[in-house]
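Peer 1: Here you go, one structure.
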Amino acid sequence: MDREKRRESLKRRYGNRAASAGRMGGPHGPGPRGHGPGGPGFGPGRNRGKMGGRPKDSAQTIRRLMQYVNQDWEKIIVAFICILLNTGATLAGSYMLRPIINWYIAPMDGSRGDIRGLMLSLFVLAMVYFTGVCANYLQAKVMLTVAQNALQKLRNDLFTKLQTLPVRYYDTNSNGDLMSRFTNDVDTIGNMLSSTLVQLFSGALSLVGTLVLMLYTNIYLTVITLVMIPLMMKAGGAVARRSQKYFSAQQYSLGALNGYIEETITGQKVVKVFCHEEIAEEEFSILNQELRDNQIRAQFFGGIMGPVMGNLSQVNYSLTACIGALLCVVKNFDVGGLTVFLNFSRQFSRPINEISMQISNVFSALAGAERVFRVMDEAPEPADVPGAEILEPMKGYVRLEHVTFGYNPEKTILKDISLYAKPGQKIAFVGSTGAGKTTITNLLNRFYDIQAGQITIDGVNIQDIARDNLRKNIAMVLQDTHLFTGTVRENIRYGRLDATDEEVIQAAKTASAHSFIMRLPEGYDTLLEGDGANLSQGQRQLLNIARAAISKAPILILDEATSSVDTRTEKHIEHGMDRLMKDRTTFVIAHRLSTVRNANAIMVLENGEIIERGDHDELVAQRGRYYQLYTGMSELT
C-alpha cells in the first residue's frame with residue numbers, strides 16, 4: 001500500500017472517527033477480543049463525515065459553556081469590576097500625561113516648569129497605575145478560580161456521562177480520542193475561560209474608552225484612526241476565518257493521533273509479534289504529519305494576526321504623528337495633547353490586536369467544547385421501564401425464546417435462538433469465531449437489546465428487570481483480563497465491595513489463586529499497577545475468576561475464561577470452577593472442547609443459528625459438526 005492510500009485509510013479509521021466520535025452504527029459488533037492498530041472497529045465501512053470546519057452552532061456552544069460559570073456569578077462580577085478599575089486606571093493614567101506636560105514640564109505660557117507640582121502629579125499617577133495593577137492581579141486570580149471550578153464541573157459531567165453510555169458507544173469509539181476530550185479539549189476551554197474572555201472584555205472597554213478620550217483630545221486626529229479601523233478589522237477578520245478552520249482541524253487531528261498512540265501502546269505485543277513496527281511507525285508518521293500540517297496552518301494564521309495588526313498600527317501611528325506635528329505648528333495644538341494622542345493611538349490598536357489574536361483561541365476552545373458536548377449529547381442507556389422489577393433473590397432460570405439480533409439492523413447475527421437453563425446447569429456454546437457465542441452473553445447482560453423474541457430470567461422479561469439488579473446478579477469472566485490499580489485484595493473485592501477479608505481469601509482459594517497470591521511480596525496487599533503488569537496472564541485470569549467467585553451472582557458467564565492459563569493450571573482450577581458453578585446457572589464459551597465435556601447441554605452455533613444441541617456423548621454419537629470439531633476433523637476458527 002503506497003503512502004497516499006495509507007493516508008486515506010488512516011483518515012477513515014482514525015481521522016473521521018475523531019471528527020464525529022459518538023455516532024453509532026457500522027457493521028461490526030462489539031470488540032470483546034483485544035486488537036491492535038487497525039483492528040476491529042476501525043473498518044472503512046463507517047461513514048463518519050469530514051474533519052475540521054466551523055462549529056455547527058457556536059452560539060449554542062457558548063450558552064452551554066456559560067452554564068458552567070454561572071455558579072460563580074458573584075466572582076465574575078468582582079472580576080469584571082476589577083477589569084473596569086484596571087481599564088479606567090490605564091486610560092486615566094494615559095490622559096494625565098497631558099496636564100503634567102502642559103502644566104509642569106513645558107508650560108504653554110513659556111514659564112519654567114514646576115518641580116513640586118510635577119512630583120505631586122507623578123505620585124498621583126503612580127497611585128492610579130498601582131490601583132490598576134492591584135485590580136488586574138485580583139481579576140486574574142478570581143477568573144482562574146472561576147475557570148477551574150467550571151472545568152471541574154465540566155470534567156465531572158463528562159465522566160458521569162461516560163458511565164451512562166451504552167457498551168455500543170465504547171465499541172465504536174477510540175479510547176484515545178475520548179481521552180483527548182478530557183485533556184486537550186478541556187484545556188483549551190480552560191484557557192478561554194481564564195484569560196481569553198477577560199481579554200476580550202477588557203479590550204472592548206479599552207477600545208470604547210480610548211475612542212472617547214481621543215475624540216475629546218482632538219477630533220481631526222481621531223478621524224485618521226477611525227479610517228484605519230475598517231482596514232484593521234477586515235484584515236483581522238480574513239485571518240480569523242482561516243484560523244478557525246485550521247484550529248478545528250488541529251483538534252480533530254490531535255484526537256486521531258492520540259487514538260492511534262493509545263491503541264498501539266495497548267497492542268504493542270501484537271505489533272511486535274507480527275513484526276508490524278515499521279508499518280506502525282509509517283502510520284504514526286502519517287498521522288503525525290497530518291497533525292503537524294494542521295498545527296502549522298493553525299499556528300501560522302493564529303500568529304500572523306499580531307504582525308498584521310501591528311504593522312497597520314504602525315502605519316496609523318506614523319500618520320497620526322506627522323499630522324499631529326503639523327497641527328501643533330498650524331493650529332496651536334498643545335504638545336501634551338499630541339503626546340497623549342499618540343499614546344492613545346498606539347493604545348487604540350492594542351485592544352484590536354488582542355481581540356483579533358484571541359479570536360483564534362475562542363475558535364479553538366469552541367471546537368474543543370463542541371467535541372466535549374457531542375459526547376454529553378450521546379443517548380445514554382435507555383432508562384428502566386416504569387416499575388422495573390427487582391428480583392431478590394434471583395434464582396437463575398434463564399430462557400431465550402426465538403431471539404433474533406444484529407448489531408446493525410441490516411446484518412442479523414443471531415437467528416431465532418431458543419434455549420433454557422436452570423440453576424446448577426452448565427450450558428456451553430461452541431462454534432466458529434463470529435458464530436454469535438459472545439453475542440448471546442452480551443444480550444443476557446442487556447449490553448444490547450434484542451430486535452425480536454424475548455429473554456426471561458425467573459419468568460420475567462429482562463427488559464422489565466432493573467438493569468442494576470440484572471447485572472448485579474450476573475458474574476462474568478472474560479478472555480481479556482482487566483485489573484485496576486490497587487491491591488490484590490481490592491481487585492478481588494471489586495466483585496462485591498462489602499465482602500470481608502475472609503470472603504476474599506475464600507474466593508481466591510475457590511479460583512486456585514491463593515497459593516500464588518501468598519508468594520507475592522506483600523500477599524493480598526501487593527499493589528498492582530498497569531493492569532497487573534507484574535503478574536502473568538494466567539495469574540491475572542485467576543484473579544478475574546476470584547472476582548467472579550466473590551460476587552455470589554446466581555448466573556455465571558465464562559467467556560474463554562481458561563484460555564489464558566496453561567493446561568496444568570487449568571487442571572488445578574477445575575475443582576474450584578466446579579465449586580464456583582455449583583447451584584449457579586453457568587454459560588460457558590470455549591474453544592477447548594475438553595473444558596465443556598461435562599456441560600449439561602452443548603449448543604453448537606454456526607452463522608448465528610443453533611445447528612446442534614445435546615450433551616457431549618449425544619453430540620459425538622450424532623457425528624455432526626461437534627463430532628468434527630472434537631475429533632479434529634474440522635478446525636475451529
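Peer 1: May I ask for the longest run of the chain untouched by GluC sites (Glu not before Pro) that are loop-located per DSSP and have at most 15 neighbouring C-beta atoms (other than their own) within 10 Å?
Peer 2: Details: sites that count: E410, E522, E529, E635.
By the stated rule (loop sites, at most 15 other Cβ atoms within 10 Å), 1-409.
Peer 1: May I ask for the angle, rounded to the nearest 10°, between helix 305-330 and the longest principal axis of the chain, with both axes built from Cα atoms and the value confined to 0 to 90°?
Peer 2: Rounded to the nearest ten degrees, it is 10.
Peer 1: Can you list the HN-Hα couplings for the stretch 250-256, worked out from phi with the Karplus curve (6.51, -1.76, 1.60; θ = phi - 60°), rounded to whole Hz and with x for Gly and Pro?
Peer 2: 4, 5, 5, 5, 5, x, 5
Peer 1: Helix 197-217: angle to the longest alpha-carbon principal axis of the chain, degrees 0 to 90, nearest 10?
Peer 2: Roughly 10 degrees between the two axes.
Peer 1: Follow-up question, since we're still on this one. Filter K415/K437; K5/K272; K411/K437 down to the pairs with a C-alpha to C-alpha distance above 19 Å, please.
Peer 2: Working: K415/K437 12 Å; K5/K272 24 Å; K411/K437 16 Å.
Those over the limit are K5/K272.
Peer 1: Take the Cα pairs of the chain, get the Kirkwood Rh, then feed it into Stokes-Einstein at 20 °C and 1.002 mPa s and tell me D in µm²/s.
Peer 2: 72 µm²/s
Peer 1: Now for a separate question. Where does the stretch 136-234 land on Rg/Rh, using Cα atoms and the Kirkwood Rh?
Peer 2: Reported Rg/Rh, Kirkwood definition of Rh: 1.26.
Peer 1: Something else: To test your reading of the geometry: what angle, between 0 and 90 degrees and rounded to tens, separates the Cα axis of helix 501-510 from the longest principal axis of the chain?
Peer 2: 50 degrees
No lab work stands behind these numbers, since they all come straight from the coordinates. Just so it is clear, the structure is predicted and the values come from calculations on it, not from any experiment. As a convention, Cβ positions derive from the backbone with ideal geometry for all residues, glycine included, and neighbour counts pool all protein chains shown.
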